[in-house]
1. In the list ALA91, ALA72, ALA56, which residue meets the criterion of being at pLDDT 80 or above and open to solvent by less than 100 Å² (accessible area, probe 1.4 Å)?
2. Looking at the range 94-132 only, could you name the residues that are open to solvent by 60 Å² or more (accessible area, probe 1.4 Å) and in contact with a Leu (Cβ under 9 Å, 6 or more places away or on another chain)?
3. Taking the condition of being over 19 Å from PHE186 (Cβ atoms), in a helix (DSSP H, G or I), open to solvent by 30 Å² or more (accessible area, probe 1.4 Å) and among the hydrophobic types (A, V, I, L, M, F, W, C), how many residues in the range 265-295 meet it?
4. Within the range 145-168, which residues are open to solvent by 60 Å² or more (accessible area, probe 1.4 Å), over 20 Å from ALA274 (Cα atoms) and touching a helix residue (DSSP H, G or I) at 6+ places or on another chain (Cβ under 8 Å)?
5. Looking at this structure, is ALA234 at pLDDT below 80 and among the hydrophobic types (A, V, I, L, M, F, W, C)?
6. In the range 94-101, is there at least one residue being under 30 Å from ILE269 (Cα atoms) and in contact (Cβ under 8 Å) with a residue 24 or more places away in the chain?
Amino acid sequence: MILLYERYPVNIGLSVIAIVYAAITFVFAFNVSRLAQNSLRLKLHNESLIEHLQAAKSRVEIALERAERANAAKTTFLSHMSHELRTPLNAILGFAEIIRDQIMGVRADNRYQEYAANIHTSGAHLLTLVNDILDLGRVEAGRTDLKETQFGVREFICDTLRFVMPQASRKRLELRVESGAELQLFADCRAVRQILVNLLSNAIKFTPDGGCISVRAELTPSHELCLSVFDNGAGIHYDDLRIVLESFGQGRHEIAKSEERGIGLGLPIAKGLAEAHGAAFHLESQLGVGTCVRVVFPATRARVLAQIASKAS
């Protein structure tokens with residue numbers, strides 16, 4: 001700019017050139033800055049797109065893995081159901097034919113009574129399978145209708161133990177109840193009974209002779225009601241913990257006899273019924289040590305007789 005005040009025209013020309021150069025430099029710098037900003041925005045957009053694509057890819061992979069597990073579970077289910085249905089049906093037909101045709105003679109009443117008892121046992125087994133499948137269908141479809149009432153937890157547990165006492169007695173298992181008499185639960189009694197029976201049946205199947213199974217009911221520090229079933233049985237392999245909670249999923253075990261293992265519906269049904277009550281379902285197990293299943297009902301469903309009495313007064 002100083003050149004503009006000089007007396008020589010050449011200086012004026014140089015000044016004009018300097019001004020033009022500065023303007024061109026400014027415009028160039030502005031364009032470069034805008035290009036850099038656009039490039040940065042494009043880079044950020046591309047990175048965001050890549051993240052979304054990676055997230056979508058992960059979701060697809062998870063969905064594919066679930067679909068593969070579901071397909072494998074379906075195949076396992078069909079193979080198990082083929083065996084589970086054919087075995088009692090063959091027994092029913094075989095024993096019924098013996099009685100119908102009086103193969104053992106017209107006076108073999110004792111033998112026929114024994115065969116009739118076998119037919120009844122096989123029919124009861126079939127009914128259990130059908131009920132489990134229907135219950136699972138209702139749970140998975142979200143059509144579990146809860147008929148909620150308030151009941152005493154300890155009395156309820158002791159009453160439920162009678163359903164599994166014969167199986168436990170055959171294996172000489174000790175059944176323990178740890179619950180305060182004042183605990184009350186507001187829930188569907190039939191559904192909670194099925195949860196507990198399923199958990200106890202599993203514990204009995206996979207606990208060796210002479211073992212111990214405990215049922216505990218207690219309030220958590222946040223006033224939720226925790227219903228737990230402990231056993232000192234075979235336990236579940238860490239890699240199988242997720243599998244056993246899926247429909248028709250079964251872990252690796254050698255304790256239970258093949259005819260006692262079932263088709264892998266007990267835990268999924270129990271979990272579904274617990275979640276229908278808004279309860280959390282926790283499964284913990286250590287191979288060779290035992291298994292613990294906790295069903296934690298929300299505080300809104302837990303009651304204590306002392307609290308109820310104080311409110312009434």
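1. Unique residue meeting the criteria: ALA56.
2. none
3. Within the range 265-295, residues that are over 19 Å from PHE186 (Cβ atoms), in a helix (DSSP H, G or I), open to solvent by 30 Å² or more (accessible area, probe 1.4 Å) and among the hydrophobic types (A, V, I, L, M, F, W, C) number 0.
4. GLN167
5. no
6. No, because not a single residue in the range 94-101 is under 30 Å from ILE269 (Cα atoms) and in contact (Cβ under 8 Å) with a residue 24 or more places away in the chain.
The values are calculated or read from the model by the stated rules, or taken from the named source; none is laboratory data. Since the model is a prediction, treat every value here as computed from it, not as a measurement. Every residue, glycine among them, receives a Cβ derived from its backbone with ideal geometry; neighbour counts consider all protein chains shown. Please note that ligands, DNA and RNA were not included when accessible areas were found on the heavy atoms of the full protein model with its side chains. Shrake-Rupley method; radii C 1.70, N 1.55, O 1.52, S 1.80 Å.
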